[in-house]
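Worksheet: one structure, shown below.
Every number here is computed from the coordinates shown, using simple stated rules; none is lab data. Given the structure is predicted, the values throughout are model-derived calculations rather than measurements. Here the Cβ positions follow ideal geometry from the backbone for every residue, glycine too, while neighbour counts run over all protein chains shown.
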Amino acid sequence: MTDKKRVFSGLQPTGDIHLGNYLGALKNWVKLQDDYDPVYCVVDLHAITVDYDPAIYQRERLEAAKVLMACGIDPQRSLFYFQSQVPQHTELSWILGTMTPMGVLNRMTQYKDKVDKGIAANFGLFAYPVLMAADILLYRAHLVPVGDDQKQHLEMTRDIAERFNNRFGEVFPIPDPLIPEHTARVMSLSDPTSKMSKSDPNLKSRVLVLDSPDVIRKKLRSAV
């Protein structure tokens, strides 16, 4: 048992992890191991809400775990696992889904943005925020590191937790956002008006954490 507050966060194993991921999130994850009770997860169920190649998917989920540990995530100081290996995530997601109004999910801007970009709409993508809520509430997390794109989902998680507690008693803590004092916003090397992104088709737009020094130098020399 520990008196430290529990922190939950997860990383999708889609695409290669880049400098923006490290400076914007992973570096903070490593630091949080000193003062909190952290739960870190490779959220591989979230990753299959969009089209994927099964062979590449298996490689990327293992690669993500290796990179996270190489960056400093220590399984001796944090709970670290694959989301798909804990069936309670999907079990709790179903229960929470029965208590989540369709209108709430319809208002999720991230779903709308992905569909507008041509990503095929499916139930998994639509219900993504409910699974995210289950991820957080399953471990009764007190704090969740969030970026701008996840604030709305965390608000929904808080609403779901309150709705559940009102019906069944005080089961879940109401998770608060954890905003780092200094958050790096790393921009694309090919478009300085956009964030560095794993989904950018231009491979020269980002520096990967596994890039060699020579490759990094070439990418920086060609940056806009």
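Some notes on this structure:
- Protection-proxy order for peptides 30-37, 129-136, each taking the mean of Cβ atoms within 10 Å per residue, highest first: 129-136, 30-37
- Annotation: extensible slack from Asp214 through Met102 equals 35.3 nm (criterion: 0.36 nm per residue apart, minus Cα-Cα distance).
- Result for the chain in a Gaussian network model with C-alpha springs under 10 Å: among Ala120, Ala64, Ala141, the largest mean-square fluctuation is at Ala120.
- The stretch 174-224 shape via C-alpha gyration tensor axes, a/c threshold 1.5: prolate
- Partner aspartates and glutamates whose Cα lies under 19 Å from the Cα of Lys219, excluding those fewer than 8 positions away in the same chain, are identified as Asp16, Asp191, Asp200, Asp211.
- Rel. contact order, % - alpha carbon contacts under 8 angstrom, at least six apart, the chain: 26 percent
- Other residues whose C-beta falls under 11 angstrom from the C-beta of Asp200 contribute a net charge of +3, scoring Lys and Arg +1 and Asp and Glu -1.
- Gyration tensor verdict on the stretch 80-132 (Cα atoms; rounded if a/c is under 1.5, prolate if a/b is larger than b/c, oblate otherwise): oblate
- Cross-link reach list, aspartates and glutamates versus Lys31, counting only Cα pairs under 13 Å and skipping chain neighbours closer than eight places: Asp74, Glu181
- Sequence-distant residues sharing a close amide H with Asp37 (under 5 Å, placed H): Lys5, Arg6, Val7
- Beta bridges by DSSP in the chain, antiparallel share as percent, to the nearest 5: 10 percent
- Under DSSP loop assignment and at most 14 Cβ neighbours within 10 Å, longest GluC sites (Glu not before Pro)-free interval of the chain: 1-169
- Pair Gln152, Lys66: separation of 7 Å Cα→Cβ label points (nm): 3.6 nm
- Candidate lysines - alpha carbon under 19 Å from Lys117, same-chain residues fewer than 8 apart omitted: Lys195, Lys198
- Vicinal HN-Hα couplings computed from phi for the stretch 46-54 (Karplus, 6.51 cos²θ - 1.76 cosθ + 1.60; Hz; Gly/Pro x): 4, 5, 8, 7, 10, 4, 8, 9, x
- Peptides 187-194, 200-207, 10-17 ranked from most to least packed give 10-17, 200-207, 187-194, packing being the mean of other C-beta atoms within 10 angstrom over each peptide's residues.
- For the chain, a simple Cβ point-charge model (Lys and Arg +1, Asp and Glu -1, everything else neutral) yields a dipole of about 460 debye relative to the Cα centre.
- Answer label for percent of Cα pairs over 31 Å apart (calculated), chosen among (1) 21; (2) 11; (3) 17: (1)
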